[in-house]
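In what follows, a single structure is set out as structure tokens and then discussed.
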Amino acid sequence: MAFGSEAKRIGLAALLVCAPLAAETIELGAEHGRWRWRVEGTLRLEDDGARFDAPGQRQAWRWAEIQQLELVRDRIILTGYRDRGLVRLYSDERFEFRFTGTPDVERLYAFLAARMDQRLVARVALPPRGPLWRVGVKRVRKGRGAQGELIVEPARVLFVAQGRGESRVWRDQEIELISSSGPHQLTLTAREPDGNYEFQLKQALDQDQYDALWRRLNRPRGLELLANQPKENQR
């Protein structure tokens with residue numbers, strides 16, 4: 001009976017992975033620009049890309065044309081591949097869209113995550129979904145640190161921080177490496193633009209939980225923990 005239930009669960013997961021994305025559009029009231037150059041319009045996120053419509057202004061990008069999309073609680077910051085011209089020294093185009101309302105950030109993230117790869121940078125505090133384990137942490141960096149909680153889920157890792165803009169969501173494929181120098185320290189190395197996140201843990205790291213996460217992240221890269229290696233040397 002248990003085997004049958006497991007088979008059904010795996011089969012359902014396979015169907016969800018293989019199923020095409022349902023047609024959906026998210027419309028967000030948003031402001032772009034500053035001071036007298038500020039305009040208010042509508043930011044539309046669609047199956048094939050994003051566009052911003054405002055009086056006298058229209059910008060559109062396909063998902064493949066977005067170099068980075070940063071999702072923060074109250075805004076989206078979009079960097080494209082097009083140059084901004086000689087006056088801006090041909091820097092990459094960059095647009096900041098500030099929400100005029102309060103969108104459902106969880107739905108917004110799910111929409112974007114289904115259509116973007118690691119070029120999506122999510123700096124939002126999402127409610128956990130089926131956490132495997134969680135631990136109170138402090139992010140250590142130059143200057144002021146950030147207090148919060150590190151939450152490990154079946155396919156992603158969350159840093160839910162107390163400070164605005166400090167939270168982070170990483171899907172497994174966005175994490176390059178995890179390492180630990182002791183039971184109260186963990187470093188997560190993510191793909192660009194993040195780099196290293198060093199955490200002080202407020203309770204001792206469970207060895208088995210750490211090993212399971214290490215194997216999960218490295219299995220797609222063809223790596224495994226050495227079966228006969230003593231546990232104290234596996235970090």
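The values are calculated or read from the model by the stated rules, or taken from the named source; none is laboratory data. Since this is a predicted model, take the numbers as computed values, not measurements. Cβ atoms come from the backbone with ideal geometry, glycine included; neighbour counts cover every protein chain shown.
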Residue pairs within 7 Å by beta carbon, gap of at least six or interchain, first lying in the range 203-218 and assigned to a helix (DSSP H, G or I), second among the basic types (Lys, Arg), listed first then second, are Gln207/Lys231
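Sort through Arg107, Arg123 and tell me the only one that's buried (at least 18 other Cβ atoms within 10 Å of the Cβ) and charged (D, E, K, R).
The conditions single out Arg123.
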Note on Arg235: of the conditions (1) modelled with pLDDT of 95 or more; (2) more than 24 Å from Leu112 (Cα to Cα); (3) touching a strand residue (DSSP E or B) at 6+ places or on another chain (Cβ under 9 Å), unmet is (1)
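Okay, residues lined up against (1) over 15 Å from Arg98 (Cβ atoms); (2) of a type in the set (S, T, N, Q); (3) assigned to a strand (DSSP E or B):
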site: Glu24; (1), (2), (3): yes, no, no
site: Glu27; (1), (2), (3): yes, no, yes
site: Ala30; (1), (2), (3): no, no, yes
site: Arg36; (1), (2), (3): yes, no, no
site: Glu40; (1), (2), (3): no, no, yes
site: Leu43; (1), (2), (3): no, no, yes
site: Arg51; (1), (2), (3): yes, no, yes
site: Arg58; (1), (2), (3): yes, no, yes
site: Trp61; (1), (2), (3): yes, no, yes
Filtering the range 142-189 down to residues that are closer than 22 Å to Met116 by Cβ, assigned to a loop (DSSP other than H, G, I, E, B) and modelled with pLDDT under 95 yields Gly165, Glu166
Taking the conditions exactly as written (in a strand (DSSP E or B), more than 16 Å from His184 (Cα to Cα) and either in contact with a helix residue (DSSP H, G or I) (Cβ under 7 Å, 6 or more places away or on another chain) or in the same structural domain as Asn196 (by TED's automatic domain parsing) (or both)), does Val137 satisfy them or not?
no
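Just one of Arg115, Arg156 is in the same structural domain as Gln200 (by TED's automatic domain parsing) and under 26 Å from Thr189 (Cβ atoms); which is it?
Values: Arg115 fails: in the same structural domain as Gln200 (by TED's automatic domain parsing).
Among Arg115, Arg156, only Arg156 is in the same structural domain as Gln200 (by TED's automatic domain parsing) and under 26 Å from Thr189 (Cβ atoms).
Take the residues in the range 190-214 that are small (Gly, Ala, Ser) and under 14 Å from the mean Cα position of the chain (by Cα); name whichever of them is modelled with the highest pLDDT.
The residue in question is Ala190.
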Asp172 meets each of (1) farther than 18 Å from Arg73 by Cα; (2) surrounded by fewer than 15 Cβ atoms within 10 Å (Cβ to Cβ) with one exception, condition (2)
Given the conditions (1) at pLDDT below 95; (2) part of a helix (DSSP H, G or I); (3) not hydrophobic (A, V, I, L, M, F, W, C), every one holds for Asn228 apart from (2)
Exactly one of Pro127, Pro131 is in a loop (DSSP other than H, G, I, E, B) and under 30 Å from Thr25 (Cβ atoms), and that one is Pro127
